[in-house]
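A quick write-up on the structure given underneath.
Nothing in this text is a laboratory measurement; each read-out follows from the coordinates by a stated rule. These numbers come from a predicted model, not from an experiment. When we count neighbours, we look across all protein chains shown, and the Cβ atoms used for this are built from the backbone with ideal geometry, even at glycine.
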Amino acid sequence: MHVVAAADKFKGTATAKQVCAAIGHACWELGADCTEIPMADGGEGTLDALGGANKTTLVTGPLGDPVQAAWRLHKGVAIIEMARASGLSLIGGPEHNDAIAASTTGVGELIDTALDTGVDKIIVCLGGSATTDGGYGAIRAIHAPARLRGVEFLVACDVDTLFTEAAEVFAPQKGATRTQVRLLTNRLERLAQMYAQQYGVDVSMTPGAGAAGGLAGGLMALGATLVPGFDLVADELGLHDAVRNADLVIAGEGLLDETSFHGKVVGGVCDVAAQYDKPVATICGDVDDELPNDMRDAAHPFSLVKNFGDEASHTRVLQCIEDAARHIISNAMK
C-alpha cells in the first residue's frame, strides 16, 4: 500500500512536518510506503511547507521596531511569509497592537531585498498579520516597483475577503475598536481609489484582495497575481502527482470545522483525492459538532479527542496521531 500524508499543522501543538512524519512512521511499522507532503494554505506555516527559511533580513516590524525576518531564496525563487515581518505574533497579540499604526513596511522591505538579488519569482504568503494598512506600507518600502514587472509575482491567499471589507472582517481580531474599524474601512476605500488612479488597477472587487488587511490588494496594484494558497502549495509540492499514484490519502489539522472546506488544507486535499477517486481520511484534534454531514462524509474524520481523550490529545499529540494513522491504515489494508 502507498499512502500520501498531506496534513496541515495542528496549531500550537505540532507542525505539518511533524504530523506527516508521525503518519509516515505508522506506515513504516505496517510495511506501507508513505509520501510525506506537509501542507499549508498560504497563511502561516507556508514558508516551512515550501522548504523553510534560509535567509534573514533586518526589517521594520509592524509597529516600527526592527525585527529579524526569515525568508527563503532558492534557485531564483523568493518566498516571503508576511507574518515573519508584519505578524501579530511579533508584538505579542492584539492587546499589544496599535491597529491604526500597524504597517506592512517590513514586507515591502523583504520584497525589495529579494528584487535586489535578481530573483525570477516572488511568492508572498499571507496570514497572521497585525495590519490593516491596505499594503500601503509595503508599497512605499519598495524602491523602483517597476522592477516587479520583470518577475513572476504571486500572492498566496487563504480567504476571499474583498479589499474594503478587510477592516470589518479582520481588524477586531487585531485589537481594533468599532470606531477604529470604521476609520480603517474609510482608509481602505481611499486607498482603493488611489490605487486605481496611480496604477490603473481596481482592487475593490477582487476576491482575496482584503487578505492580510488589504496587503493582497496593495500588491495586486503593483502587478501581483492573487492565487489560492492551497493550490499554490499543492502545485509547488507536486501533490496531484503524488495522490494520483496513492492507494490512500491521509489529511490532517487541529480542528475540523466548516472553514476547513473553504480554501484550507483539508478541503483542498479531499478535493484532490476525489478528483483521482482515491480514499481519504482526516486525522484531527477534534471535530466541530456542527460540521455538516456532507463535509464529514468527504473527510472521514478521526478525532483524537474522541478516541484518546482531551488530555492525551494535547500532551501526546504526535503519539496519538501515529496511533490514529495506524488504525486507519490497518483498516484500509483489510
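Isolated cysteines in the chain, defined as those with no second cysteine Cβ under 4.7 Å, comprise C20, C125, C157, C270, C284, C320. Using the Kyte-Doolittle scale, find the helices of the chain whose mean hydropathy is at least -1.0 and whose Cα atoms extend 30 Å or more along the helix's long axis, counting only whole DSSP H runs. Within the chain the helices that satisfy the rule are 178-199. Here are some values of volume of the Cα convex hull per residue in Å³: (i) 135; (ii) 171; (iii) 145. Which one was computed from this structure? Here the calculated entry is (i). Bridges between two residues of the chain, per DSSP, are antiparallel at a rate of about 25%.
For region 46-230, the residue among L88, V119, T225 whose Cα projects farthest onto the positive side of the dipole built from Cβ charges is V119. Placing one equal scatterer on every Cα of region 46-230 and applying the Debye formula, the log10 ratio I(q)/I(0) at q = 0.12, 0.17 Å⁻¹ is -0.48, -0.99. Among the listed pairs K17/K75; K55/K75; K55/K121; K11/K264; K75/K174; K174/K264, those with a Cα-Cα distance over 24 Å are K75/K174.
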